[in-house]
Amino acid sequence: QQPVQSPQAVILREGEDAVINCSSSKALYSVHWYRQKHGEAPIFLMILLKGGEQKGHDKISASFNEKKQQSSLYLTASQLSYSGTYFCGPEPAGNNRKLIWGLGTSLAVNP
Amino acid sequence: NAGVTQTPKFQVLKTGQSMTLQCAQDMNHEYMSWYRQDPGMGLRLIHYSVGAGITDQGEVPNGYNVSRSTTEDFPLRLLSAAPSQTSVYFCASSYSMQRGVRDTQYFGPGTRLTVL
């Protein structure tokens with residue numbers, strides 16, 4: 001039931017791009033994306049809603065394909081501050097009270 | 001606004017002891033939840049509440065109790081601590097009960113709990 005995130009880890013040089021994928025076996029209403037730095041609380045990045053709405057955050061954007069029950073997070077021209085673990089939290093259709101989180105993707109951006 | 005606050009930040013318990021982790025928010029959020037985070041396991045939902053007086057179980061509720069007597073506070077009680085409950089615990093809140101989690105979740109700073 002847990003969504004699958006890929007890749008599990010990625011290492012970038014500053015300025016490079018990355019894509020993080022999130023795939024669920026359940027029909028979804030929305031997908032949440034959060035970033036967590038080591039020893040800190042997760043921080044909200046964006047929510048993508050059914051209907052194809054995309055929302056961006058600086059050079060971070062995402063897409064949501066509800067038919068395929070997949071979401072992708074795009075990090076463009078990565079900055080050192082992008083380092084951290086990225087979690088997707090799909091919201092199952094018909095149950096808006098729980099998110100089932102992925103295991104996370106560790107992203108390291110090096111100078 | 002202080003946002004979401006959690007106390008204590010660190011706690012060491014002995015097996016069998018009980019304790020309460022405190023969580024409070026000052027944003028008038030209806031939805032509040034408790035997660036535990038273990039290495040390699042991501043965030044797992046323990047209990048959640050969609051408003052004062054209403055609570056429900058998440059994925060891993062065993063060994064934990066919650067209550068929600070006010071909109072602001074959502075304490076998590078460990079009934080009889082076990083080493084398997086060693087974890088980092090996060091409280092989170094979100095704006096609207098009607099929308100459930102369809103809104104930004106604000107996380108507290110976390111409580112690091114060790115059970116010996």
Of residues in region A:1-25 being loosely packed, with under 15 Cβ neighbours inside 10 Å and in a loop (DSSP other than H, G, I, E, B), the one farthest from the other protein chains (Cβ to nearest Cβ): A:15
Filter result (under 25 Å from residue A:86 (Cβ atoms) and among the basic types (Lys, Arg)) within region B:1-37: B:9, B:36
Within region A:26-40, tally of residues that are small (Gly, Ala, Ser) and either surrounded by 20 or more Cβ atoms within 10 Å (Cβ to Cβ) or in contact with a helix residue (DSSP H, G or I) (Cβ under 8 Å, 6 or more places away or on another chain) (or both): 1
Whichever residue in region B:93-116 is more than 7 Å from chain A (Cβ to nearest Cβ) and modelled with pLDDT of 95 or more and, among such residues, is surrounded by the most Cβ atoms within 10 Å (Cβ to Cβ): B:111
Out of B:95, B:64, B:106, B:48, sole residue that is within 20 Å of residue A:42 (Cα to Cα), among the aromatic types (Phe, Trp, Tyr) and without any contact (Cβ under 8 Å) to a residue 40 or more places away in the chain: B:48
Odd one out for residue A:46, checked against (1) more than 12 Å from chain B (Cβ to nearest Cβ); (2) part of a strand (DSSP E or B); (3) within 17 Å of residue A:98 (Cα to Cα); (4) not polar (S, T, N, Q): (1)
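The values are calculated or read from the model by the stated rules, or taken from the named source; none is laboratory data. Keep in mind that what you see is a predicted model, and the values were worked out from it rather than measured. Ideal geometry is used to build each Cβ from the backbone, glycine not excepted, and the neighbour counts take in all protein chains shown.
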